[in-house]
Amino acid sequence: MDIISALWLGIIQGLTEFLPVSSTAHLIIFSKLLNIKSVPIAFDVLLHLATVIAVIIYFFKDILQILTQKKKMIPLIIIASIPACVIGFYFNKTIELLFKASYWVGIFLICNSIILYLSTLFPNGKKQLNNMTTKDALFIGIFQSLAIIPGISRSGITVTAAFAKGIEKNSAAKFSFLLSIPVILGATFMKITDISALEWTSALAGFISAFITALLAIKTFMILIKSKGFKFFALYCLIAGILFILILSIY
């Protein structure tokens, strides 16, 4: 992969990882537009690592509070991370096949649009992070595990699940971002040997561009979730999914 393609894919990853539109689906789609035959799974994981570092920096104060004052959150994050880790470990090969089955990406993007639309039907809850229960965390974690499927947005489905449990918008967004840390770091650990085999200049270009754009996407997400909701993104995913299926059918 050349540096320009790596930069573009990094930008796409950073922008779409935390907006509820499925970063993995967009990497697959744009790799085809950029005429990249296949995006190595290790490169995809590296870009995710860049975005999780952006999360740690953006929410550093919240993370520090959790480690020092709000230690109740630590077991909740662990519990919510278990379903995705289990599915990722046992169904790793099946998931990799879905990455190659481009037609399904369009179908799952349409499914994602339905999930995002459902999020708009829930009233703003009153439950804060401090009031979350083990059942809340497990419920959100189970839905997060579905985001391993390319086309399903992790941020979108976890926030929707949090809304369903009556969690307030800002708290739902924060928990979703904090929950991304162990899951992405776990995926990185599983593929660490593959990452070391990547061509370093392209890998670095993708990493830096993903990191910078991820910071911008997080800030945008935190603004949008308080006001606009996900209706626009639901429509976007519906149109993108349909167009992707039609393009594949033609070509």
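Bear in mind that the values in this text are calculations on the coordinates, not laboratory data. Predicted model, so just to flag it, every value in this text is computed and none were measured. With ideal geometry, Cβ positions are generated from the backbone for all residues, glycine too; neighbour counts draw on all protein chains shown.
Points worth noting:
- Paramagnetic reach from Lys127 in region 153-167 [backbone N under 15 Å; point 7 Å along Cα→Cβ]: 158-167
- Pairs beyond 20 Å (Cα-Cα), from Lys72/Lys165; Lys165/Lys226; Lys135/Lys226; Lys61/Lys219: Lys135/Lys226
- Inverse of mean 1/r across different Cα pairs in the chain, Kirkwood, Å: 18.1 Å
- Mean-position separation - Cα centroids, region 64-83 and region 116-195, in angstrom: 13 Å
- Cβ-placed point charges (K, R +1; D, E -1), dipole of the chain about Cα centre in debye, nearest 20: 880 debye
- Selected from Ile79, Ile66, Ile142 as most flexible by GNM, with the chain as the system and alpha-carbon contacts under 10 Å: Ile66
- In a reduced charge model with +1 at each Lys and Arg Cβ and -1 at each Asp and Glu Cβ, region 6-94 shows a dipole moment near 180 debye about its Cα centre.
- Degrees, to the nearest 10: 200-227 long Cα axis against longest axis of the chain: 40 degrees
- Considering only alpha-carbon pairs that sit under 8 angstrom and 6 or more positions apart, the relative contact order computed for region 9-69 is 26 percent.
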